[in-house]
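Computed from the coordinates by the stated procedures, all read-outs in this text should not be read as laboratory data. All values reported here derive from a predicted model rather than from experimental measurement. Methodologically, a virtual Cβ is constructed for each residue, glycine included, from the backbone with ideal geometry; neighbour enumeration extends over all protein chains shown.
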Amino acid sequence: MGSSTGKKPAKRLSLALPDRRFRTHAGNAAHAIDGVDGRSQVGRRFGQVAAQVAADIGGPEVMSEAQIQLARTTAGLVVLREQLDRRLARRRRVDVADYTRLSNSLTRVLSAIGIKRLPRDVTPPTIEQYAAQVRRQRDAA
C-alpha cells in the first residue's frame, strides 16, 4: 500500500485503552508520538490521557480525525501541565503566566471536544436531614 512518493502511510495513534494487565501506573501506549520512546514516562502518560479522552467521547472507532487530533492535543497539554505541577510540588519556580495559558488552552480544547464540567451538588443538608442521617447511622451500628 505505497503512495506515489514511496513513503509509508503515517501510523495512527491507538486510542483504545490497553488491557489492565499491560498498563503501568502512567499508562501504556508504545507508539503515541513519533520519535518518542513510548516506554518512557512521558510517552506512556501521553498515550494514557489520549486513550481516556477518546473513551470519554465514545471511543476511537466513532471519532473523526479532528477529534483524534483534539484528543492528542489534550494529552500533550495535560502532560505539560503535570510537569509544571510537579515543579510546583517540589517548590521550584513556575511562570504563573505560562501555567495560566496552558490551563486555559486545555480548558478550550476540552470544550471544543465537547467534554463539559459536571457540577456536583454541594448544598448542605437541612438540620432535619442531618439528624435523620445521624439516627440511621446510629441504628445501623
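Annotation: peptides 37-49, 54-66, 128-140, ranked by per-residue average of other Cβ atoms within 10 Å with the highest first, follow the order 37-49, 54-66, 128-140.
Against the empirical curve 2.2 N^0.38 Å, the C-alpha radius of gyration of segment 48-91 lands at a ratio of 1.38. Peptide packing: for 88-95, 105-112, 70-77, the average count of neighbouring Cβ atoms within 10 Å per residue gives the ranking 70-77, 105-112, 88-95, highest mean first. Note on segment 76-125: Cα-Cα pairs beyond 14 Å make up 63% of the total pair count.
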